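The values are calculated or read from the model by the stated rules, or taken from the named source; none is laboratory data. These numbers were taken from a predicted model, which means no experiment stands behind them. Cβ atoms come from the backbone with ideal geometry, glycine included; neighbour counts cover every protein chain shown.
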Amino acid sequence: MIVQKKEINNWNTEYRLKFINSLSGYKGVHLIGTKSKDGISNLAIFNSIVHISSNPARIGFIIRPLTVPRHTYKNIIDTAFYSINHVHKSFLDQAHYTSVKFESNQSEFEECNLGESYLDKFHAPFVTESSIKIGLKLAEDIELQESNCRLLVGEVQCIITEDDYVEEDGSLDLEKANDICVTGLDQYSSVQKFANIPYARKENPPNFKRQKRPDSAVFDENSQTYNARLLPYGTNVGAPSITANNLSIWKNRGITGFNHVLKSKIELIKSEYELLLEEYAVNELLYNTHCDFEPIIGEVYHLYEKENRDEHFLSLIPPHTWKRKHLGSFKLNSDKVWSKVTTSDE
């Protein structure tokens, strides 16, 4: 598949949006918390968080053009403070729903049922449920000329997390924290750690031409896993040899077995069809029967024949209490379908 610029420009808007958003691969998912000067908290989901520098510790994120009100941007400009909160599996649905365009006087914390917590002398709220929280103060507001998007760079003021998520070398174990990532706008995935590779140094390069594993090792390069146990055939010298069998016997057995299965399925379909016809006849009869009340779901009603024998009616009166001709007892389920029931009075 080769796609040229002209073809991309002619794509349906929604299709192009999702395709191009997916091109950059997996991205982190975060909730940015802010608070207006009037004390209204705000929360919005972002997938554009990017590392800027470690000293000073700075993190940036992209915000779309200011062609419509952007509550996150306004609150940061007005107060300078905001929080970045990692999104975890336990509250993904709520986090995703913060993308709804709520009014400025509505708090996404309240609308999406997420906890709102604070640190002393830090204006912006944190997401209580998040196990990795970062408090930042605005350092730069940069306009990207061609797109009119803005890059907001914040300097880290505080970090809130669990000691268990921090490894000895300082790295965060995001898999242990149950972090998630996103492809495009709404395709979420789990974070799974599979390798730690040492810092690359020119003085001690690896030998990339050296064979990493013996030929007998069954290894899938795409998934980077040993997958011998998943293959449908033997992969070592001790495995049973593969030999050609008498195919005519196999075919005859297969045909016989197939015919037996097919016949059983046909009989089952015929039986289900007959039951369906019977159920249809019952419901056609009952829905055309005279009734002066609205039947209650789950209640048993009795069908009787009128004196002229051409009409029927439903009643709660059980058959043994009078001498009307009883045609059957029925119950209405939640799908508004009548089914026949057997009573001790029949």
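Assorted remarks:
- Subset tally (residues that are touching a residue at least 24 places away in the same chain (Cβ under 8 Å) and more than 48 Å from the chain's Cα centre (by Cα)) for the range 304-346: 9
- Residue ID - surrounded by the fewest Cβ atoms within 10 Å (Cβ to Cβ), chosen from residues in the range 42-76 that are part of a helix (DSSP H, G or I) and of a type in the set (Val, Ile, Thr): 72
- Positions within the range 112-132 being charged (D, E, K, R) and in contact with a strand residue (DSSP E or B) (Cβ under 9 Å, 6 or more places away or on another chain), in sequence order: 116, 129
- Residue check for residue 147: modelled with pLDDT of 85 or more, in contact with a His (Cβ under 8 Å, 6 or more places away or on another chain) and part of a loop (DSSP other than H, G, I, E, B): no
- The range 114-144, residues that are within 31 Å of the chain's Cα centre (by Cα) and in a loop (DSSP other than H, G, I, E, B): 114, 115, 118, 124, 125, 128, 129, 130, 131
- Each residue in the range 316-340 was checked for being of a type in the set (Lys, Arg) and surrounded by 13 or more Cβ atoms within 10 Å (Cβ to Cβ), and 3 pass.
- Subset of the range 298-308 [over 14 Å from residue 329 (Cα atoms) and surrounded by 10 or more Cβ atoms within 10 Å (Cβ to Cβ)]: 306
- Filtered by the rule that a residue be within 16 Å of residue 340 (Cβ to Cβ) and either assigned to a loop (DSSP other than H, G, I, E, B) or charged (D, E, K, R) (or both), the range 306-324 gives a lone residue, 318.
- Residue within the range 109-118 that is over 23 Å from residue 183 (Cα atoms) and of a type in the set (A, V, I, L, M, F, W, C) present: yes
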